[in-house]
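The values are calculated or read from the model by the stated rules, or taken from the named source; none is laboratory data. As the structure is a computational prediction, the values presented were derived from the model and not from experiment. Heads up, the Cβs are rebuilt from the backbone with ideal geometry, glycines too, and the neighbour counts pull from every protein chain shown. Heavy atoms of the whole protein, side chains included, go into the accessibility calculation; ligands, DNA and RNA do not. Shrake-Rupley method; radii C 1.70, N 1.55, O 1.52, S 1.80 Å.
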Amino acid sequence: MIIFPMVIVLSIVLYLYYKVAILKTKDGLTQRYFNAKSKICLGLFVVAFSINQYVFYQTQISLFIGLVLISLGFLQLIRGLKETKHYRNEWKRLNPAD
């Protein structure tokens, strides 16, 4: 079960990367795009962390808390995917030559 810790670490590193990238850019559209990407990473982190905690403890309370966090993580993941698609299409619309 080494996959969940690797996903957890990778997603939190990418989350921090995108949050720092927001600070480095001045373009509003790019900032919102990076924020949407960070939402994907945060959702993935929450889902992987919840599954990992249930696998580790295997108690009824960890199952209940895990299900709540998994649902919140999936909502964050889905919203991030939708926003990423939207802002990518907006960038393509505004920059047709690139």
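So the values come out like this:
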read-out: Pair list, Cβ under 7 Å, 6 or more apart: the stretch 74-96 residue under 12 Å from residue 33 (Cβ atoms), other residue among the small types (Gly, Ala, Ser); value: 80/36; 80/43; 83/36; 84/36; 87/36
read-out: Count of residues meeting criterion [within 30 Å of residue 63 (Cβ to Cβ) and either part of a helix (DSSP H, G or I) or without any contact (Cβ under 8 Å) to a residue 24 or more places away in the chain (or both)] in the stretch 1-36; value: 15
read-out: Filtered residues of the stretch 59-83 (kept if closer than 20 Å to residue 7 by Cα and polar (S, T, N, Q)); value: 62, 71, 76
read-out: Conditions (1) open to solvent by 70 Å² or more (accessible area, probe 1.4 Å); (2) under 20 Å from residue 4 (Cβ atoms); (3) polar (S, T, N, Q); number of the one not met by residue 53; value: (1)
read-out: Filtered residues of the stretch 1-24 (kept if modelled with pLDDT under 95 and of a type in the set (Val, Ile, Thr)); value: 2, 3
